[in-house]
Amino acid sequence: MKALNQVAVDIPRSGIRSILDEAANYRDVVHLEIGQPDFPTPAHIIEAAHKALLDGFTGYSPNAGLPSVRKAFADYLMKTHNIEVSADQIVVTVGAMGALFNAFMATLNPGDEVLVPNPGYPNYRMAISLMHAVSVPYRLDVSKHGFSLNVEHIESLITEKTKAIVLNSPSNPTGMVATSDQVEALVAVAHRHHVYLISDEAYDQMLFSARHVSPLSFDPDGNVFGMYSCSKTYSMAGWRVGFIVAPKRISPLMAKLQEAYCSCAPTVSQKAAEAALVGEQTCVEAMREAYRQRVEYACALCEQMNIEYVRPSGAFYLMVKLPNHISMTSDDFALALVKSVQLAVAPGSTFGSQGEGFVRLSLCCSESIIKEGLQRLHKVFANPSVLR
C-alpha cells in the first residue's frame, strides 16, 4: 500500500482533544478543557431554522453563501464595529475554521512563512502545515495583568519568506485584547512589508475590560482578512457558520475554493445565522455578562486559593500557572489530572512553547462547576503526590 500524506500524519494533535478523549474514560469528570458555550442556541434562531426547513432551504446555496446572509453580516459589521464592507467581500464559511482554512489556501504557497501568536490557537499551525507552509511563532508578553502584543517583536521576525501575520484578538487561549494603537501599528507593519494580515475575531463580542478594534478599520490597501463566527457569539457551535471578509480582489477566489472542499456552508444554518444577525441582540448581552461574571468569580477563587493566574480581558478562558514545585510538563500534568482527580484542563504547551508552565481553563460552565474544578486543582497544587 502506498504511503499516506506525511504532512497530515505528522501534524501534532490538539492537546485539548487528547484530554477530552482521555476524560471519556472516567466518571464525574469536571470539564474545563473545551471551549464550547453551555448556553442553548436562542429560541428565535432555532425557530428561524425550522421555518427555513419548511420553506425549502435544504439544498445548496451559492458557494459564497446566500446573498441575504452576506448582506446581514455586512450590516452587522457596520452596526457593531462601524466597519463598512460590501456584501460581495463576504464569504459564508463552515465555521471560523472554514474561514481560516480558506484564507490560508488563498494566500500560501509551499515554503511560505506565517507569523502566529505564541501562546495561540493550535489549529493555526495545523492548517498552515497542511498548506506545506511554515509557522513562525511570535511571543505574547505576559504579566500578572495579562498577555499583550509586541508589534516591534513581530516586525523583527518578518523575512522575505513571510506571507502573512495571524492576529487573534480577543485571544484564545490568553484572553488578550489588542489595543487600538497596537492594531493600527500592526496593520502598518503588514502594509510596509507587503504581507497579509489574517485577523481571527471569533470572540469579537466576548469582551470584559477592553474594546475590540478590528484591523479592517485601518486597512489601507486590501491586505486584511477578517474572520468571524456564530459559534461563540450566538452559542451556535454545532451549526457551523462563520464568515470571512476578504479584499475585493480576492473574495471571488475564496468563493471558488469553497467548491473544492465543502461547496457551501449548510444552507439551513445560514438562515439561522441570518436570524441571529438581524434579530434581537439581548441574548448576546446576557451571555457576555454571564461570562464576565464567571471570569470574575474564577479570578476571585484563584486569589483565595493562592493560585497564580493571568487575568483575561476577553474570550472566556483563564490561563493558570503551574507552581514551581510541580516539575511535570503541562501535557503530563493535564493527563495526570484527569486520571487522578477527574479534572480536565487544556495543557498550555498545546498553544505553543510560551504556553508551557500553564494550563488553560475554559469557563463555559456554571459557577458551581468552576468552583469544583478549582478546588480539585488547588488540592493537587497543595499535594502533588496525589497525581498518578
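Over 21 Å apart at the Cα level, from the set Lys51/Lys232; Lys71/Lys256; Lys232/Lys256; Lys71/Lys271; Lys51/Lys271; Lys339/Lys379, are Lys51/Lys232; Lys232/Lys256. Each Cα pair under 8 Å and six or more residues apart adds its sequence gap; the mean of these over the residue count of the chain is a relative contact order of 25 percent. With the biggest extent put first, the Cα atoms of the range 128-251 measure 41, 39, 29 Å across the principal axes. About the centre of its Cα atoms, the chain shows a dipole size close to 580 debye [charges on the beta carbon of Lys, Arg (+1) and Asp, Glu (-1) only; nearest 20 debye].
The long axis of helix 251-261 is offset from the longest Cα principal axis of the chain by roughly 70 degrees.
Considering helices alone, the calculated mean residue ellipticity of the chain at 222 nm is -13000 deg cm²/dmol, with DSSP H runs of length four and up weighted by -39500 (n - 2.57) and normalised per residue. Cα centroids of the range 211-257 and the range 66-89: 10 Å apart.
A Gaussian network model of the chain, with springs between Cα atoms under 10 Å, assigns the largest mean-square fluctuation among Pro110, Pro266, Pro37 to Pro110.
The gain in end-to-end length when the Ala24 to Ser263 segment is fully stretched comes to 82.7 nm, 0.36 nm per residue minus the alpha carbon separation. Against the main long axis of the alpha-carbon atoms of the chain, helix 367-382 sits at an angle near 50°. Here Lys2 is the anchor, and no lysines lie within straight C-alpha reach of less than 27 Å, apart from those fewer than 8 places off in the same chain. Based on the reciprocal of the average 1/r between different C-alpha atoms, the Kirkwood radius for the chain equals 21.5 Å.
Between the C-alpha center of the range 160-203 and that of the range 309-388 there is a gap of 28 Å. Under the rule a/c < 1.5 gives rounded, and otherwise a/b versus b/c splits prolate from oblate, where does the range 216-321 land using the Cα gyration tensor? Prolate. For the chain, the longest principal axis of the C-alpha atoms and the axis of helix 67-81 are separated by about 60°. Under a Gaussian network description of the chain, with springs only between Cα atoms under 10 Å, the residue in Val320, Val345, Val29 that fluctuates furthest is Val29.
Give me Rg over Rh for the range 66-192, both radii from the alpha carbons and Rh done the Kirkwood way, two decimal places. Rounded to two decimals, Rg over Rh is 0.98. Residue separation of His378 and Thr58 scaled by 0.36 nm, minus their Cα-Cα distance, works out to 110.2 nm of gained length. Largest GNM mean-square fluctuation across Lys371, Lys256, Lys144, computed for the chain with C-alpha springs under 10 Å, falls on Lys144. Loop exposure criterion: GluC sites (Glu not before Pro), DSSP state outside H, G, I, E and B, at most 11 other Cβ atoms within 10 Å. Applied to the chain, the longest stretch between such sites is 161-279. Residue order for Thr159, Thr267, Thr329, fewest other beta carbons within 10 angstrom first, comes to Thr159, Thr329, Thr267. Taking trypsin sites (Lys or Arg not before Pro) across the range 195-245, the ones in a DSSP loop with at most 16 further Cβ atoms lying within 10 angstrom of their Cβ are Arg211.
Taking a ≥ b ≥ c as the square roots of the eigenvalues of the alpha-carbon gyration tensor, the range 310-388 is classed oblate because a/c is 1.5 or more while a/b is no larger than b/c.
Since every read-out is calculated from the coordinates, none of them should be taken as a lab result. Keep in mind the model is a prediction, meaning the values are calculated, not measured. With ideal geometry, Cβ positions are generated from the backbone for all residues, glycine too; neighbour counts draw on all protein chains shown.
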